[in-house]
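The values are calculated or read from the model by the stated rules, or taken from the named source; none is laboratory data. On a predicted model such as this, the values are computed, not experimentally measured, just so you know. Quick reminder, even Gly has a Cβ in these numbers, built from the backbone with ideal geometry, and neighbours come from all protein chains shown.
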């Protein structure tokens, strides 16, 4: 079992520019070379902007290539709960923003000729308990009447047509969701940005960020300084570096994934006859999908812990046990890859984007970022160049998480709470 991301291990190698001196100035410095940063860099470079991307590690080294490989419609919150907290009008805007983000990813794949196994296959949310099905029904009725007429509710009597497991009691199908090979997409996006003229500098963590005047900043790194007319922060969890404001507002939560050996195609067809992306209804549940080379990608929270090699291996064992419980035919399947990553979770489980102290940012995708981060890269590029002002995640304020200063001391208690909710729901 390799303790590395399947998406990273099986993606093309990014052939960036050889290390050299940093430029003295740039129109825009983008901090972070994940989906948000690369999408923004591509759009900026195409608009004729002198853009430099600074990445602490490698292109696509964090959440953008350490996730479950889903690219779906729908926000992190249950739509019914979102309507209750935000109102139907705003909740509908959020839902359509996510649906449009998936469309944008597909357009980029086609326009840039990125070979990443992109597939519009639909997302199926599975009721892990019979008591969870009424909530799926309520969500179906509301969403069908307001934001998604193509949504479908599948009862317990028909769910075996969708999934070869006796563990589920119905499901909610959103047909516009999709999946792709995250590593191939990310490297393709980076190559497109570089080809358009963006300067991408790896292994260069930002150590200082000082406002000079207006939106102009001096960006310090171990390799030198750049004076940027504008800065875009696209660092996900932002838990490392001079980003104190964001450290108090984003909680890094571990999520873990395993990938099986290549499996018998006939068995996969029996277990997953419709080839969807799947997510269970438990708070500490699972998400899974197949790959073009007949593997199963199976993930979940597993443990409320931060990712590191020891934690990843322990979480892999938890996931392997869960896999065998849900799909007994796969109980003895070999696990080839196991890894963890950090979800940039916000208190309201919604993204936040805008400008703070002269720094533009788009962060906090809360586990639903593979599509929204790509779209928000384009949105932020338009804001930076003053071509448009359509930011769906702008807020009047973004309060800090009470009692939180960057170290998520409360994660074990959160795990106990959600386990209790799952047990007694």
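Restricting 313, 317, 266, 333 to residues that are touching a strand residue (DSSP E or B) at 6+ places or on another chain (Cβ under 8 Å) and either more than 30 Å from residue 413 (Cβ to Cβ) or free of Cβ contacts under 8 Å to residues at least 60 places away in the same chain (or both) narrows the list to 333.
Counting only residues that are surrounded by fewer than 21 Cβ atoms within 10 Å (Cβ to Cβ) and either within 24 Å of residue 78 (Cα to Cα) or touching a helix residue (DSSP H, G or I) at 6+ places or on another chain (Cβ under 6 Å) (or both), the stretch 185-210 holds 2 of them. Selection of the stretch 1-47 for residues being part of a strand (DSSP E or B) and modelled with pLDDT of 95 or more yields 25, 26, 27, 28, 29, 30, 31. Of the strands (runs of 3 or more DSSP E) contained entirely in the stretch 49-156, those carrying at least 1 residues that are more than 17 Å from residue 279 (Cβ to Cβ) and modelled with pLDDT of 95 or more fall at 51-54. The lone criterion from (1) in contact with a helix residue (DSSP H, G or I) (Cβ under 9 Å, 6 or more places away or on another chain); (2) on the phi > 0 side of the Ramachandran plot left unmet by residue 182 is number (2). What about residue 415, is it modelled with pLDDT under 95, surrounded by 14 or more Cβ atoms within 10 Å (Cβ to Cβ) and not in a helix (DSSP H, G or I)? No, not satisfied. For the stretch 278-295, does any single residue satisfy the condition of being surrounded by fewer than 21 Cβ atoms within 10 Å (Cβ to Cβ), in contact with a helix residue (DSSP H, G or I) (Cβ under 8 Å, 6 or more places away or on another chain) and over 19 Å from residue 163 (Cα atoms)? Yes: one or more hits. Note on the stretch 8-29: residues that are more than 16 Å from residue 191 (Cβ to Cβ), touching a residue at least 24 places away in the same chain (Cβ under 8 Å) and either surrounded by fewer than 24 Cβ atoms within 10 Å (Cβ to Cβ) or in contact with a helix residue (DSSP H, G or I) (Cβ under 9 Å, 6 or more places away or on another chain) (or both) total 11.
Inclusion of residue 88 among residues that are free of Cβ contacts under 8 Å to residues at least 60 places away in the same chain, surrounded by fewer than 18 Cβ atoms within 10 Å (Cβ to Cβ) and out of contact with any strand residue (DSSP E or B) (no Cβ under 9 Å at 6 or more places or on another chain) is warranted.
Conditions (1) closer than 14 Å to residue 44 by Cα; (2) at pLDDT below 95; (3) within 23 Å of the chain's Cα centre (by Cα), marked per residue:
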| residue | (1), (2), (3) |
| --- | --- |
| 171 | no, no, yes |
| 179 | no, no, yes |
| 182 | no, no, yes |
| 194 | yes, no, yes |
| 217 | no, no, no |
| 231 | yes, no, yes |
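Yes or no: the stretch 161-174 includes at least one residue that is part of a helix (DSSP H, G or I) and either touching a strand residue (DSSP E or B) at 6+ places or on another chain (Cβ under 7 Å) or closer than 18 Å to residue 276 by Cβ (or both). The answer is yes, given that some residue of the stretch 161-174 is part of a helix (DSSP H, G or I) and either touching a strand residue (DSSP E or B) at 6+ places or on another chain (Cβ under 7 Å) or closer than 18 Å to residue 276 by Cβ (or both).
The residues in the stretch 347-383 that are over 25 Å from residue 68 (Cβ atoms) and crowded, with 24+ Cβ neighbours inside 10 Å can be counted, and the count is 1. Screening the stretch 323-401 for strands (runs of 3 or more DSSP E) wholly inside it with 2 or more residues that are at pLDDT 95 or above, within 22 Å of the chain's Cα centre (by Cα) and closer than 20 Å to residue 34 by Cα returns the ranges 352-356, 359-363.
If we keep just the residues of the stretch 397-412 that are closer than 20 Å to residue 353 by Cα and touching a strand residue (DSSP E or B) at 6+ places or on another chain (Cβ under 8 Å), which is surrounded by the fewest Cβ atoms within 10 Å (Cβ to Cβ)? Top of the filtered list is 401. Please go through the stretch 296-320 and give me each residue that is surrounded by 17 or more Cβ atoms within 10 Å (Cβ to Cβ) and more than 23 Å from residue 417 (Cβ to Cβ), ordered by number. Across the stretch 296-320, the qualifying residues are 296, 297, 298, 312, 316, 320. Inclusion of residue 203 among residues that are under 25 Å from the mean Cα position of the chain (by Cα) and on the phi > 0 side of the Ramachandran plot is warranted.
So that you can scan it fast, the table gives a plain yes or no per residue for (1) without any contact (Cβ under 8 Å) to a residue 40 or more places away in the chain; (2) farther than 28 Å from residue 10 by Cα; (3) surrounded by fewer than 21 Cβ atoms within 10 Å (Cβ to Cβ); (4) under 17 Å from the mean Cα position of the chain (by Cα):
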{"residue": "64", "(1), (2), (3), (4)": "no, no, no, yes"}
{"residue": "71", "(1), (2), (3), (4)": "no, no, no, yes"}
{"residue": "81", "(1), (2), (3), (4)": "yes, yes, yes, no"}
{"residue": "84", "(1), (2), (3), (4)": "yes, yes, yes, no"}
{"residue": "104", "(1), (2), (3), (4)": "no, no, yes, yes"}
{"residue": "107", "(1), (2), (3), (4)": "yes, no, yes, no"}
{"residue": "118", "(1), (2), (3), (4)": "no, no, yes, yes"}
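Scan the stretch 305-323 and tell me whether some residue there is in contact with a helix residue (DSSP H, G or I) (Cβ under 6 Å, 6 or more places away or on another chain) and more than 12 Å from residue 259 (Cα to Cα). Looking through the stretch 305-323, at least one residue is in contact with a helix residue (DSSP H, G or I) (Cβ under 6 Å, 6 or more places away or on another chain) and more than 12 Å from residue 259 (Cα to Cα).
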